[in-house]
Amino acid sequence: QVQLVESGGGLVQAGGSLRLSCAASGRTSSIYRMGWFRQAPGKEREFVATVPRSGSTIVYVDSVKGRFTISRDNAKNTMYLQMNSLKPEDTAVYYCAAGTRRGASVADGYDYWGQGTQVTVSS
């Protein structure tokens, strides 16, 4: 089993920045891919970004390209999401996810989920 705990959410004005963290514990050696998802009120959960263990082949949803940066520190079993130039439409609960299957889809091949952290961007 893997446990994931997100932190770093909060309230920020449009144009501001936040850095989310996701700390993994348990069988962390089984984790291949980690990712961030978000869910806004009344909307379905949306894929945001993903990074494999090697740090290569990073994928972002188009709406955050150039503004968000995903990174991973395998020694600390922690993943980050640096969010710059935030917009009100980025307001959502952000979830950390971890996947153990190398061949799984980058958008939905995840086995473990965190509880989420709220990000609110005011206009």
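The values are calculated or read from the model by the stated rules, or taken from the named source; none is laboratory data. Note that this is a predicted model, so its numbers are computed, not measured. When we count neighbours, we look across all protein chains shown, and the Cβ atoms used for this are built from the backbone with ideal geometry, even at glycine. The accessibility values were calculated without ligands, DNA or RNA, using every heavy atom of the protein model including side chains. Shrake-Rupley method; radii C 1.70, N 1.55, O 1.52, S 1.80 Å.
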* To do: At 7 Å along the Cα-to-beta-carbon direction for both A14 and D62, put a label point, then send me their distance in nm to one decimal.
  => 2.2
* What fraction of the DSSP beta bridges in the chain is antiparallel, stated in percent and rounded to the nearest 5? -> 90
* Asked: Which value, in Å², gives the accessible area per residue of region 24-123 when a 1.4 Å probe is used on the protein heavy atoms?
  -> 50
* To do: Using the charge dipole of region 31-123 (Lys, Arg: +1 at Cβ; Asp, Glu: -1 at Cβ; taken about the Cα centre), state which of Y110, S56, L81 has its Cα farthest towards the positive end.
  => S56
* Within straight cross-link reach of K43, meaning Cα distance under 28 Å, which lysines are found once same-chain residues fewer than 8 apart are removed? -> K65, K87
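For the chain, give the percent of accessible area contributed by carbon and sulfur heavy atoms, probe 1.4 Å, rounded to a whole number. Numbers along the way, then the final one.
Working: 2870 of 6240 Å².
Carbon plus sulfur share of accessible area: 46 percent.
Of R102, R19, which has the most accessible area and how do the rest follow, probe 1.4 Å? Numbers along the way, then the final one.
Numbers: R102 175, R19 130 Å².
Reading off the accessible areas and sorting them downward yields R102, R19.
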* Asked: For the chain, what is the charge dipole size about the Cα centre, in debye to the nearest 20, if Lys and Arg each add +1 at the Cβ and Asp and Glu each add -1 at the Cβ?
  -> 320
* **Simple label model, 7 Å out from Cα along Cβ direction - S25 to D108, nm** => 3.2
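Shape call for region 53-123 from the C-alpha gyration tensor, a ≥ b ≥ c root eigenvalues: rounded (a/c under 1.5), prolate (a/b greater than b/c) or oblate? Don't jump to the answer; show the numbers that get you there.
Working: a/c = 1.77, a/b = 1.62, b/c = 1.09.
Prolate, since a/c reaches 1.5 and a/b exceeds b/c.
If you stretched the chain out fully between K87 and D73, how much longer would it get, using 0.36 nm times the residue separation minus the C-alpha to C-alpha distance? Intermediate results must be reported in sequence, preceding the final value.
On the way: separation 14, 0.36 × 14 = 5.04 nm, distance 2.68 nm.
Using 0.36 nm per residue and subtracting the Cα-Cα distance, I get 2.4 nm.
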